[in-house]
Structures are given as C-alpha cells and as structure tokens.
Amino acid sequence: MSANESPAGQAQTLPTVTPDTVEESAFLKACRREPVPYTPVWFMRQAGRSLPEYRKVREGIPMLDSCTRPDLVTEITLQPVRRHGVDAAVYYSDIVVPLKAIGIDLDIKPGVGPVVADPVRTRADLARLRDLTPEDVSYVTEAIGLLVRELGSTPLIGFAGAPFTLASYLVEGGPSRTYENAKAMMYGDPGLWADLLDRLAGITTAFLKVQIEAGASAVQLFDSWAGALAPADYRRSVLPASAKVFEAVAGYGVPRIHFGVGTGELLGLMGEAGADVVGVDWRVPLDEAVRRVGPGKALQGNLDPTVLFASTEAVEAKTREVLDAAAGLEGHVFNLGHGVMPSTDPDALTRLVEYVHTHTAR
C-alpha cells in the first residue's frame, strides 16, 4: 500500500508537488526556512486515538507494550500518512518510553497518563536513572528502519520528552496541575534539581540519537508542561538542560523542533535553547510569536484543536487566520496548537490538510 492510499485503497488528494527525496520535501524545506511549493502540514498525535484503524490494531494491547513492537509501531505511524496525506510522519511512541527502557517502574494508565510507582524525591533516587543505551531501545531502531523504507520521500519526525517534563512526571509520580513537588525541589534543592535535569538530558539525548541514526529526518522535543514556569525560573532552572540536548544532536544536521503548551511567555527562551523550529500553541498568533522568538527560526502551528469540532466553513475561516498570520514568516509548518483530540473526526483532519495545501499553493 502506498503512502497516499487510504486503508480502503482510495487515493487521497496529493500535495501540489511530490518530492523526489526526503531532503526536497516541503516539510524539511520549511524547517530550513527555504521556499516551499505549499505550506506543509502534520499534526501532533496524528497517529492515535482519533483513527478507527488505530483503535482496531491497538485493541487489547497496553500503550507501552505497543511502543515496543516494531510491526505495530510501523503500522500506526503510517496510518495518518495514508489517510490524511500529511507531509511528515511522526514516530509512534511516548515520552516515557526511555524511562521505562532504563528500568523505571511506570505505566500509562488509561484516563490518567504516566504513573510512576516510586517517585524521584532524593539524591539517592538519582541512581535509578542510569544511562540509556541503543540496546535498551533496539525496537526503535528496527521500527524506524521499517518506516523509512515504507515512507519513501515522506520525512519521519522522531521525538522525546524534554528534561523538565520528564522530571515533572518522575518527581510528582504522575500528571499534576500544580507541580508542587517538582517546583519544591527546583526552588528548595537547586543542586539536586540541576543534577536530575542533567541526568535526564543525557537520557533524552541518547533516545534522540537512536532515532536520528536509524533514519529520522527531524526531531521534536516536547516540553509539554514548561508553561507552568515563570520566564526567570525557566531560564535559570530548565533552559540549560534543554540546550544541552539540542547541542548534543546539532551535528546530525536534522531540524530540531521545540514545543510546549502555554509557553507564550517562554517562546523567545525556547528558541534560545537551540531549536531550529519553535512550536506555538493556539494562544499566541504567529505574527506575534515571530516577534517574541526573533529572526532565524521557523515556526510551527497553531490552529486550536477544538476548532475541528466546528463546521467545515468555520475550520477554513480559522485556518485562514493562522495562514494569514504566518504570511511573513521565514518558514512555517502548519500544525495544531496541541495534539489531535481523541474524539476528532478524522475526515476533518483530511479536509484540513487538503485546504492548507490548496490555499497556500505557490
């Protein structure tokens, strides 16, 4: 089955130009701030619960188990490329996979999220965070090898959780609205906090390197919960670890994307950490985001995911607002301002991809 056929075998609308190679893809060109034939599109969480074919293949298989099966990872990663005609695939995994791979006792509980059996609260707990080796995640190397062969000229985006977000889960023991334990460590024991984030930066770097060396064409660092921080705290206590990750993979020459939710006040700092592309959630218009980020960076985003529950006319109107705000950018990758919501109509995503391609064709 080709990357432009639906599961039923019906061809999706092709982009204006089909690239001969991955490097010539609209997605990578936009990340490099080069001229593109149309604005490329992909969606965070495009491979997941919004697709009935995903729910079918995942039936009865726990989330973390599914991430360790190369055949299943390959199928799930390809599903939105087939169905929607997006300009990039994103590797199907979870940000806690590398933590599980080094022996941290955690699970992803339905309706809750990652839950850590024994939270990291003391210096002695750091000993549990050993280095990640390629052998720990050999299934990632195998899956990406399979994917690169299937995807052809469609780029594959690898990803990892940023040190702060991983630390939040480890210290809190699970999802949190206030991050009181993580912030208490950050403020009350800055030495321990710095060592924790440094250890996580090493694990994250190793996980990204495995993906890049296996064939990922770009990587995204998800600092999902960095929006809980004031700019001064982010600069002092978080930015150094994220910068270490970006610097460690710089030599590979693949675009590096940085994204967080509720990070409007941090956009400049997130770009400063070393990303080539800064992801923007829906709260800040892209023409304002570029002012905050500054020159020399592409931007990614930023349609509100809930817009997709409105009428097609409303979706197109809001999409035009995003595209108009992006008109003066050096590089723009169209995305949602957060992940695809589970109850989103897949056809709305397919129509959105086609609309962006058509509306922005040069």
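The values are calculated or read from the model by the stated rules, or taken from the named source; none is laboratory data. Note that the structure is predicted; figures quoted are calculated from it, not measured. We place every Cβ from the backbone using ideal geometry, glycine too, and count neighbours over all the protein chains shown. Each accessible area value is taken on the protein alone, full model and side chains, heavy atoms only, with ligands, DNA and RNA left out. Shrake-Rupley method; radii C 1.70, N 1.55, O 1.52, S 1.80 Å.
Observations, loosely collected:
- Residue that is modelled with pLDDT of 95 or more, within 26 Å of residue 256 (Cα to Cα) and surrounded by fewer than 23 Cβ atoms within 10 Å (Cβ to Cβ), where the choices are 105, 94: 94
- Within the stretch 277-287, the set of residues being open to solvent by 30 Å² or more (accessible area, probe 1.4 Å) and out of contact with any His (no Cβ under 9 Å at 6 or more places or on another chain) comprises 283, 285, 287.
- Remark: residue 236 matches the filter, which requires a residue to be charged (D, E, K, R), in a helix (DSSP H, G or I), under 23 Å from residue 170 (Cβ atoms) and at pLDDT 95 or above.
- Within the stretch 110-150, restricting attention to residues that are among the basic types (Lys, Arg) and in contact (Cβ under 8 Å) with a residue 60 or more places away in the chain, the residue that is least open to solvent (accessible area, probe 1.4 Å) is 121.
- Selection within the stretch 215-229 - hydroxyl-bearing (Ser, Thr, Tyr) and touching a Ser or Thr at 6+ places or on another chain (Cβ under 6 Å): 224
- The residues on offer are 359, 338, 332, and the sole one that is in contact (Cβ under 8 Å) with a residue 24 or more places away in the chain and over 23 Å from residue 34 (Cβ atoms) is 338.
- Taken over the stretch 21-47, the criterion of being touching a helix residue (DSSP H, G or I) at 6+ places or on another chain (Cβ under 8 Å) and open to solvent by 30 Å² or more (accessible area, probe 1.4 Å) is satisfied by 22, 35, 37.
- Residue 199 falls short on exactly one of the conditions (1) open to solvent by 40 Å² or more (accessible area, probe 1.4 Å); (2) under 25 Å from residue 267 (Cβ atoms), and that condition is (2).
- The residue that is farthest from residue 111 (Cα to Cα), among those in the stretch 48-89 that are free of Cβ contacts under 8 Å to residues at least 24 places away in the same chain and either open to solvent by 40 Å² or more (accessible area, probe 1.4 Å) or in contact with a Cys (Cβ under 6 Å, 6 or more places away or on another chain) (or both), is 75.
- Qualifying residue in the stretch 221-238 (condition: buried (at least 24 other Cβ atoms within 10 Å of the Cβ), touching a residue at least 24 places away in the same chain (Cβ under 8 Å) and within 17 Å of residue 31 (Cα to Cα)): yes
- Hey, residue 182 surrounded by 21 or more Cβ atoms within 10 Å (Cβ to Cβ) and more than 30 Å from residue 78 (Cα to Cα) or not: yes
- Selected residue (criterion: nearest to residue 112 (Cα to Cα)) from residues of the stretch 188-212 that are assigned to a helix (DSSP H, G or I) and without any contact (Cβ under 8 Å) to a residue 40 or more places away in the chain: 188
- Check on residue 174, out of contact with any Asp or Glu (no Cβ under 9 Å at 6 or more places or on another chain), under 30 Å from residue 23 (Cα atoms) and touching a residue at least 60 places away in the same chain (Cβ under 8 Å): no
- Residue count for the stretch 239-275, restricted to those that are of a type in the set (Lys, Arg) and assigned to a helix (DSSP H, G or I): 1
- Identity of the residue in the stretch 154-179, open to solvent by less than 10 Å² (accessible area, probe 1.4 Å) and among the β-branched types (Val, Ile, Thr), that ends up farthest from residue 111 (Cα to Cα): 157
- If you go through the stretch 288-344 and keep only what is among the hydroxyl-bearing types (Ser, Thr, Tyr) and either under 24 Å from residue 222 (Cα atoms) or open to solvent by less than 20 Å² (accessible area, probe 1.4 Å) (or both), you end up with 306, 319, 343, 344.
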